[in-house]
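For reference, the structure is listed below as structure tokens.
None of the figures in this text is laboratory data; all of them are computed from the coordinates on show. Note that this is a predicted model, so its numbers are computed, not measured. Here the Cβ positions follow ideal geometry from the backbone for every residue, glycine too, while neighbour counts run over all protein chains shown.
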Amino acid sequence: RPSMTLFEAIGGEPTFRKLVDEFYAGVATDPLLRPMYPEEDLGPAADRLTLFLIQYWGGPNTYSSQRGHPRLRMRHAPFRIGAAERDAWLLHMRRAVDRLDLPADHATALWDYLERAAYFMVNVMEDP
Ligand code: HEM
């Protein structure tokens, strides 16, 4: 169905939950990323990212009803995100996307967005 959202096409909420759970399993073991998360329990952060991605890809707007406008760059301002943090984030996300075993066109669409968004979130200038 041409009008299907990517949210629907890849299996709805359970697929996004799986993606983010795999991603956070990686973050939990990452020496650079884990200390950046203010809370002991990564569950609430995983829930926020899941709801955001669901909303972005055409699913229910639960993220905004709970958190308001995403303004993601502003929400990331308290964290130092340089190339190393971005690349670590993308490494765990790449593994999580691969684990979904999606058809190539959906995997590519999802990944292209995540990669662009991660580059956009970098908020410190570094020497080349
Ligand atoms: C929140 C790190 C990229 C989406 C957070 C938090 C940290 C963080 C430490 C706070 C945990 C929490 O309270 O939720 C990073 C790092 C990134 C990155 C190091 C590397 C580039 C991204 C990208 C997206 C994203 C690319 C979206 C595609 C979110 C969302 C939240 C969040 C939705 C919760 C915002 C809220 O409602 O408060 N991130 N992030 N992040 N991040 Fe990221």
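Figures for the structure shown
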item	result
Whole-number percent relative contact order across the chain, with pairs defined as alpha carbons under 8 Å at least 6 apart	33 percent
P(r) of the stretch 83-128 over all Cα-Cα pairs, binned every 10 Å from zero, in whole percent	25, 49, 20, 5
Within the chain, helix-based [θ] at 222 nm, where runs of 4 or more DSSP H residues each add -39,500 (n - 2.57), nearest 500	-19000 deg cm²/dmol
Total formal charge among the other residues, if their Cβ is under 15 angstrom from that of Pro78, Lys/Arg +1 and Asp/Glu -1	+3
q = 0.14, 0.16, 0.20 Å⁻¹: log10 I(q)/I(0) that the Debye formula gives for the chain, counting C-alpha atoms only	-0.63, -0.83, -1.31
